[in-house]
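Report on the following structure.
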Amino acid sequence: MNQKIERLQLYDTHEKIIGAAMALNHLPGGPIVSGFAGEKLGAAVRSSELILTLHRVPRKPGNKREDMIAANALLLQKVCRAMADENPNAFLAIATNPINSMVPFASSILYKYGIYNPFKVFGITQIDIARTRTYTAEALQVSNQNLFVPVIGGHSAETIIPLFSYMTPVEHVVNPCQADTLTQFVRKLGTEIVFQKQGSGSAVVGVAHSINEFCDTLIDAINGKEVEATCYSANPYFGSRFFAGPATIGPYGIVQPFRKFPFNDYETFLVNSSVPFINRDVNLGEDYVKVLLPKL
Ligand SMILES: NC(=O)c1ccc[n+]([C@@H]2O[C@H](COP(=O)([O-])OP(=O)(O)OC[C@H]3O[C@@H](n4cnc5c(N)ncnc54)[C@H](O)[C@@H]3O)[C@@H](O)[C@H]2O)c1
Ligand SMILES: O=C(O)C[C@H](O)C(=O)O
């Protein structure tokens with residue numbers, strides 16, 4: 001349990017969430033947990049400083065992340081509506097896939113509701129850092145404890161970009177061939193888990209770990225510190241309106257989105273080839289607003 005969280009309000013359309021909240025309350029040292037179901041989404045988001053979404057349908061083998069927009073957008077729209085009604089100043093962190101489209105989708109919806117703050121909407125891409133770190137350490141046969149590789153771009157097979165030239169500690173180096181092999185490997189890991197779980201879900205434990213890492217840092221920001229955390233957010237620096245990378249975040253949201261710094265030729269190639277995919281995904285998310293809102 002994360003000791004920095006004082007109060008945790010869980011929401012699910014299904015009543016089973018009440019039992020899940022009760023079970024979490026049995027753990028010592030954690031937050032006070034309440035469950036909210038059905039029509040009680042407004043009560044669940046009321047007075048929360050951070051609203052986190054990790055709902056609904058994980059993809060099935062054969063699906064791409066972008067196939068999940070229709071399955072997952074409606075509930076995200078409802079969360080945005082509840083924010084507009086109950087808690088317009090909260091931070092919104094989105095782990096629901098497809099992140100590349102869901103963040104622009106939520107941003108457009110919040111804009112329509114008159115409460116969009118681009119500095120307070122985050123897509124959680126931390127899992128790509130965890131995977132890169134683990135498998136790079138394995139390839140180099142070093143401890144993964146202190147190893148860190150920044151990962152930028154987006155969260156999909158075509159847009160995850162590990163920056164091996166910024167790996168720390170600096171004495172660890174991967175050669176160009178290893179960089180390409182690891183990049184292609186890490187890009188496929190989400191799909192591989194979905195395949196191996198045979199339609200029963202996705203990387204549940206990995207995302208729990210990654211969300212905790214991200215939220216732990218974000219809570220420090222909410223509590224007044226200036227921190228660095230990787231997220232997919234509004235970003236004007238790469239030729240797409242959204243882009244992931246280490247951002248500086250403070251109590252009022254993102255202070256400085258990830259900016260370009262010198263890339264090697266391979267990283268430049270990856271960035272240039274990811275931008276058209278991110279633009280496509282951003283358009284898919286924004287276009288879905290036009291599909292959904294007239295029906296509401
Ligand atoms: N960002 C990441 O790194 C990352 C990693 C893994 C999974 N995901 C995404 O997280 C989401 C969930 O995946 P999972 O594998 O945990 O799935 P899961 O099936 O294990 O969990 C989904 C949960 O959503 C709940 N739910 C369903 N309908 C709901 C509704 N209308 N309102 C509220 N809750 C609802 C279900 O009760 C269930 O508890 C998917 O979109 C998946 O792609 C993201
Ligand atoms: O791949 C998925 O569908 C889930 C998640 O995005 C992951 O990377 O594991």
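Would you confirm whether any residue within segment 62-78 is free of Cβ contacts under 8 Å to residues at least 40 places away in the same chain, under 16 Å from the mean Cα position of the chain (by Cα), within 12 Å of ligand 1 (Cβ to nearest atom) and within 14 Å of SER107 (Cβ to Cβ)? Looking through segment 62-78, at least one residue is free of Cβ contacts under 8 Å to residues at least 40 places away in the same chain, under 16 Å from the mean Cα position of the chain (by Cα), within 12 Å of ligand 1 (Cβ to nearest atom) and within 14 Å of SER107 (Cβ to Cβ). Got at least one residue in segment 197-204 being in contact with a helix residue (DSSP H, G or I) (Cβ under 9 Å, 6 or more places away or on another chain), assigned to a loop (DSSP other than H, G, I, E, B) and over 29 Å from LEU74 (Cα atoms)? The answer is no; no qualifying residue exists. Scoring GLY224 on the criteria (1) within 16 Å of ligand 2 (Cβ to nearest atom); (2) at positive phi leaves a single failure, condition (1). I need the full set of residues from segment 84-108 which are part of a helix (DSSP H, G or I) and more than 16 Å from ligand 1 (Cβ to nearest atom), in order please. Of everything in segment 84-108, those that are part of a helix (DSSP H, G or I) and more than 16 Å from ligand 1 (Cβ to nearest atom) turn out to be ALA84, ASP85, GLU86, SER107, SER108.
Per-residue answers, yes or no, for (1) under 18 Å from ASN87 (Cα atoms); (2) away from ligand 2 (no atom under 16 Å from the Cβ); (3) of a type outside the set (Ser, Thr, Tyr):
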residue: MET22; (1), (2), (3): no, yes, yes
residue: ASN25; (1), (2), (3): no, yes, yes
residue: THR53; (1), (2), (3): yes, no, no
residue: PRO58; (1), (2), (3): no, no, yes
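Looking only at residues in segment 142-156 that are more than 16 Å from ligand 1 (Cβ to nearest atom) and assigned to a loop (DSSP other than H, G, I, E, B), the one that is nearest to ARG259 (Cα to Cα) is PRO150.
Checking GLN184, GLN198 one by one, the residue that is within 18 Å of PRO61 (Cα to Cα) and either more than 13 Å from the chain's Cα centre (by Cα) or not aliphatic (A, V, I, L, M) (or both) is GLN198 and no other.
Against the criterion of being assigned to a loop (DSSP other than H, G, I, E, B), within 26 Å of ILE249 (Cβ to Cβ) and more than 13 Å from ligand 2 (Cβ to nearest atom), ILE115 qualifies. Annotation note: Cβ proximity below 9 Å between a residue of segment 188-216 that is under 26 Å from GLU6 (Cα atoms) and a residue that is within 9 Å of ligand 2 (Cβ to nearest atom) and of a type in the set (Gly, Ala, Ser) (sequence gap 6+ or interchain) occurs for GLY206/GLY190; VAL207/ALA95; SER210/ALA95; SER210/ALA203; ILE211/ALA95; PHE214/ALA95.
Each value in this text was obtained by applying a stated rule to the coordinates, not by laboratory testing. None of these values were measured; they are calculated from a predicted model. Because the Cβ atoms are built from the backbone with ideal geometry, glycine has one as well, and the counts that use them run over all protein chains shown.
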